[in-house]
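S.K.: This is the structure, below, for whatever I ask next.
The values are calculated or read from the model by the stated rules, or taken from the named source; none is laboratory data. Quick caveat: nothing in here was measured; it's all calculated off a predicted structure. Quick reminder, even Gly has a Cβ in these numbers, built from the backbone with ideal geometry, and neighbours come from all protein chains shown.
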Amino acid sequence: MISYELSDEHQDLRETVADFAREVVRPVIGGYYERAEFPYDLVARMAKIGLFGLPFPAEFGGMDGDLLAFGLALEELARVDSSVAITLEAAVALGAMPIYKFGTDDQRRRWLPGLCSGEQLAAFGLTEAGGGSDIPGGMRTTARLEPGGGDAGAGQWVVDGTKSFITNSGTSITSLVTVLAITGGDPGGPREISSIMVPAGTPGLTVGPEYSKVGWCASDTRELSFASCRVPADHLLGARGRGYAQFLEILDEGRIAIAALAVGLAQGCVDECLRYTGERAAFGHRLGHYQAIRFKLADMEARTHSARLAWYDAAARLVAGQPVKRRAAIAKLLASNAAMDNAREATQIFGGYGFMNEFPVARFYRDAKVLEIGEGTSEVQRMIIARELGVPD
Ligand SMILES: Cc1cc2nc3c(=O)[nH]c(=O)nc-3n(C[C@H](O)[C@H](O)[C@H](O)COP(=O)(O)OP(=O)(O)OC[C@H]3O[C@@H](n4cnc5c(N)ncnc54)[C@H](O)[C@@H]3O)c2cc1C
């Protein structure tokens, strides 16, 4: 029999994070969002309950959990607020995970304890102004190995280029960014792509100002420029030329995490509307009396439920070591649609109050759109699903 019952451990984690989101995040997040301020104290409190180490082994300071546990935490955070949820998602799935998966023993020991503790954040820089979906075709950032310099004369990577929209790249606790760069190959033919780790503060790395964003306003997103930015040769992550394959693997997992986050937002819309339709009256009845409103809530719940099953399914397959590309793309597509649709309907149910920033549904509305864009747009998810289906080209 197929079962999506959570284990007691997963259920306990879900409840712990749900309490944390309700009691710690909810009362203060609106202020951070309004001021577009990174919530350092909330991040420190998330770190204290171990969220940044969730899917990593204890030997690196992690919590010995899995992607299902990580997704549950993201879902419960996003049910209240997406800025803190994306900060966690990007720190773990994009920042620390590549080091855990592809790093040498030395690299893991150097970076993971600080990242698992949440005292440091890492970022992953793929996107460039010339194209986010079209990687590596739209990439221009290069890294060339200059022999002779650096530690013990092993040489140095010299990175040049610009990365756009990089989450967690400019906080005061950001410790490094891993960038995808062209490290060789023929400009007319296939290019060699590798991942290079650049510690924060490396000369030649310029961190741009925080973007002015429509949503995720309490998260950190910046442009990074590299001008003859030199790092030691051993800052190559994994094998030379494996950067593109690494990026595909990281994004498969990241999409499941984003799907969980999107389901949290969709659920948050249901939560808020359930409460509001019991309080607000019009034409002599509570809003919940009217079938037009009841049907909206029924559809919101149905969308949330089916999207949740899709991310559980993808996560369960990943944990079981099965291929997930198609299921991860389906989960991300369904869940980001559900988040967008629910946010639009929730705002409608709240009427004018839904357009006021002080109400969480306004934040949900502003935060939902990017879920159809980040870590692969909805069109990219459809391209993946069609390719996996074997639709003839
Ligand atoms: C808040 C925020 C945080 C982000 N954080 C990170 C981060 O931490 N690291 C990182 O590397 N990136 C990050 N990104 C970038 C994000 O992943 C990209 O914006 C996304 O992948 C889309 O790339 P693009 O913006 O270049 O759009 P484009 O690739 O230019 O796409 C534009 C439009 O064209 C469509 N399109 C493109 N190609 C095709 C095609 N072949 N067929 C049909 N339609 C197509 C797209 O779906 C989209 O609708 C972030 C973005 C945002 C907004």
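S.K.: In the range 1-46, what residues are outside any helix (DSSP H, G or I) and farther than 19 Å from Ser172 by Cβ? Outline the logic, then answer.
M.R.: Here is the first cut: in the range 1-46, the residues outside any helix (DSSP H, G or I) are 1-7, 36-39.
Within the range 1-46, Met1, Ile2, Ser3, Tyr4, Glu5, Leu6, Ser7 meet the criteria.
S.K.: Separate question: Could you please let me know if Ala154 is surrounded by fewer than 23 Cβ atoms within 10 Å (Cβ to Cβ), over 19 Å from the mean Cα position of the chain (by Cα) and among the hydrophobic types (A, V, I, L, M, F, W, C)?
M.R.: Numbers: surrounded by fewer than 23 Cβ atoms within 10 Å (Cβ to Cβ): yes; over 19 Å from the mean Cα position of the chain (by Cα): yes; among the hydrophobic types (A, V, I, L, M, F, W, C): yes.
Spelling it out, Ala154 is indeed surrounded by fewer than 23 Cβ atoms within 10 Å (Cβ to Cβ), over 19 Å from the mean Cα position of the chain (by Cα) and among the hydrophobic types (A, V, I, L, M, F, W, C).
S.K.: Any residue that is among the aliphatic types (A, V, I, L, M) and in a loop (DSSP other than H, G, I, E, B) - is there at least one of those in the range 62-81? Show your work before the answer.
M.R.: Just the residues of the range 62-81 that are among the aliphatic types (A, V, I, L, M), to begin with: 63, 67-69, 72-74, 77-78, 80.
Cutting the leftovers down to in a loop (DSSP other than H, G, I, E, B) gives us 63, 80.
For the range 62-81, residues among the aliphatic types (A, V, I, L, M) and in a loop (DSSP other than H, G, I, E, B): present.
S.K.: For Ile49, only one of the following conditions fails: (1) closer than 17 Å to Thr171 by Cβ; (2) of a type in the set (A, V, I, L, M); (3) surrounded by fewer than 23 Cβ atoms within 10 Å (Cβ to Cβ). What is its number?
M.R.: Unmet for Ile49, out of (1) closer than 17 Å to Thr171 by Cβ; (2) of a type in the set (A, V, I, L, M); (3) surrounded by fewer than 23 Cβ atoms within 10 Å (Cβ to Cβ): (1).
S.K.: Could you grab me the full set of residues in the range 188-210 that are in a loop (DSSP other than H, G, I, E, B) and either buried (at least 16 other Cβ atoms within 10 Å of the Cβ) or more than 23 Å from the chain's Cα centre (by Cα) (or both)? Full working, then the answer.
M.R.: Residues of the range 188-210 that are in a loop (DSSP other than H, G, I, E, B), as a first pass: 188-190, 200-204, 208-210.
Across the range 188-210, the qualifying residues are Gly188, Gly189, Pro190, Ala200, Gly201, Thr202, Pro203, Gly204, Gly208, Glu210.
S.K.: Further, regarding this structure: Of all residues in the range 117-138, which are in a strand (DSSP E or B), within 8 Å of the ligand (Cβ to nearest atom) and crowded, with 18+ Cβ neighbours inside 10 Å? Lay out the reasoning, then the answer.
M.R.: Filtering the range 117-138 for residues in a strand (DSSP E or B) gives 121-125, 128, 131.
Now narrow it down to the ones that are within 8 Å of the ligand (Cβ to nearest atom): 123-125, 128, 131.
Of everything in the range 117-138, those that are in a strand (DSSP E or B), within 8 Å of the ligand (Cβ to nearest atom) and crowded, with 18+ Cβ neighbours inside 10 Å turn out to be Ala123, Phe124, Gly125, Glu128.
Listed here are the residues, each with its yes/no results for (1) within 18 Å of Arg366 (Cα to Cα); (2) within 20 Å of the chain's Cα centre (by Cα); (3) small (Gly, Ala, Ser).
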| position | (1), (2), (3) |
| --- | --- |
| Gln291 | no, no, no |
| Asp299 | no, no, no |
| Ala315 | no, yes, yes |
| Val319 | no, yes, no |
| Gln322 | no, no, no |
| Arg326 | no, yes, no |
| Ala331 | no, yes, yes |
| Gly352 | yes, no, yes |
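S.K.: Quick one: what pairs do we get from the range 59-85, first residue acidic (Asp, Glu), second part of a loop (DSSP other than H, G, I, E, B), C-beta under 7 Å, 6+ apart or different chains?
M.R.: These pairs meet every condition: Asp64/Pro57; Asp66/Pro55.
S.K.: Restricting attention to the range 211-225, and to residues there that are touching a strand residue (DSSP E or B) at 6+ places or on another chain (Cβ under 7 Å) and assigned to a loop (DSSP other than H, G, I, E, B), which single residue is farthest from the ligand (Cβ to nearest atom)?
M.R.: First pass over the range 211-225, keeping only residues touching a strand residue (DSSP E or B) at 6+ places or on another chain (Cβ under 7 Å): 211, 213, 219-225.
Checking the rest, the ones that are also assigned to a loop (DSSP other than H, G, I, E, B) come to 211, 213, 219-220.
Working: Tyr211: 7, Lys213: 6, Ser219: 7, Asp220: 9 Å.
Per the criteria, the residue is Asp220.
S.K.: Considering only the range 105-122, state which residues are over 18 Å from Val179 (Cβ atoms) and free of Cβ contacts under 8 Å to residues at least 12 places away in the same chain. Break it down into steps so the answer makes sense when it comes.
M.R.: Start the filter on the range 105-122 by keeping residues that are over 18 Å from Val179 (Cβ atoms), which leaves 105-106, 108-109, 112-114, 116-119.
Within the range 105-122, Asp105 is the sole residue that qualifies.
S.K.: In this structure, does Leu112 turn out to be within 16 Å of the ligand (Cβ to nearest atom), surrounded by 14 or more Cβ atoms within 10 Å (Cβ to Cβ) and of a type in the set (A, V, I, L, M, F, W, C)? If you could, list the steps in order and put the result at the bottom.
M.R.: Values: within 16 Å of the ligand (Cβ to nearest atom): no; surrounded by 14 or more Cβ atoms within 10 Å (Cβ to Cβ): yes; of a type in the set (A, V, I, L, M, F, W, C): yes.
In short, no.
S.K.: Here are Thr183, Thr141: which of them is touching a Lys or Arg at 6+ places or on another chain (Cβ under 7 Å) and away from the ligand (no atom under 16 Å from the Cβ)? Walk me through it before giving the result.
M.R.: Details: Thr141 fails: away from the ligand (no atom under 16 Å from the Cβ).
Answer to the check: Thr183.
S.K.: OK, next. List every residue pair whose Cβ atoms lie under 6 Å apart, where the two residues are 6 or more positions apart in sequence or sit on different chains, the first residue falls within the range 123-138 and is closer than 13 Å to Ile182 by Cβ and in contact (Cβ under 8 Å) with a residue 12 or more places away in the chain, and the second residue, located anywhere, is near the ligand (Cβ under 7 Å from one of its atoms) and in a loop (DSSP other than H, G, I, E, B).
M.R.: That search, which allows pairs on different chains as well, returns Ile135/Leu126.
S.K.: Over 23 Å from Glu358 (Cα atoms), of a type in the set (Gly, Ala, Ser), at pLDDT 95 or above and touching an Asp or Glu at 6+ places or on another chain (Cβ under 7 Å), is that true of Ala69? Walk me through it before giving the result.
M.R.: Numbers: over 23 Å from Glu358 (Cα atoms): yes; of a type in the set (Gly, Ala, Ser): yes; at pLDDT 95 or above: yes; touching an Asp or Glu at 6+ places or on another chain (Cβ under 7 Å): no.
Spelling it out, it is not the case that Ala69 is over 23 Å from Glu358 (Cα atoms), of a type in the set (Gly, Ala, Ser), at pLDDT 95 or above and touching an Asp or Glu at 6+ places or on another chain (Cβ under 7 Å).
S.K.: When the range 144-169 is examined, which residues are found to be within 16 Å of the ligand (Cβ to nearest atom), part of a loop (DSSP other than H, G, I, E, B) and of a type in the set (Gly, Ala, Ser)?
M.R.: Let us first name the residues in the range 144-169 that are within 16 Å of the ligand (Cβ to nearest atom), namely 159, 161-169.
If we keep only those that are part of a loop (DSSP other than H, G, I, E, B) too, we end up with 168-169.
Scanning the range 144-169 gives a single hit, Ser169.
S.K.: Looking only at residues in the range 360-388 that are more than 16 Å from the ligand (Cβ to nearest atom) and touching a residue at least 60 places away in the same chain (Cβ under 8 Å), which one is surrounded by the most Cβ atoms within 10 Å (Cβ to Cβ)? Break it down into steps so the answer makes sense when it comes.
M.R.: Filtering the range 360-388 for residues more than 16 Å from the ligand (Cβ to nearest atom) gives 360-362.
Adding the requirement that they be touching a residue at least 60 places away in the same chain (Cβ under 8 Å) leaves 360-361.
On the way: Pro360: 23, Val361: 26.
Across the range 360-388, the extreme among qualifying residues is Val361.
S.K.: Given (1) out of contact with any His (no Cβ under 6 Å at 6 or more places or on another chain); (2) more than 10 Å from the ligand (Cβ to nearest atom); (3) assigned to a strand (DSSP E or B), identify the lone condition not met by Ser172.
M.R.: So Ser172 meets the others, but not (3).
S.K.: Another question about this same structure. In the range 241-259, is there at least one residue being assigned to a helix (DSSP H, G or I), of a type in the set (A, V, I, L, M, F, W, C), surrounded by 24 or more Cβ atoms within 10 Å (Cβ to Cβ) and over 22 Å from the mean Cα position of the chain (by Cα)?
M.R.: No: the range 241-259 contains no residue that is assigned to a helix (DSSP H, G or I), of a type in the set (A, V, I, L, M, F, W, C), surrounded by 24 or more Cβ atoms within 10 Å (Cβ to Cβ) and over 22 Å from the mean Cα position of the chain (by Cα).
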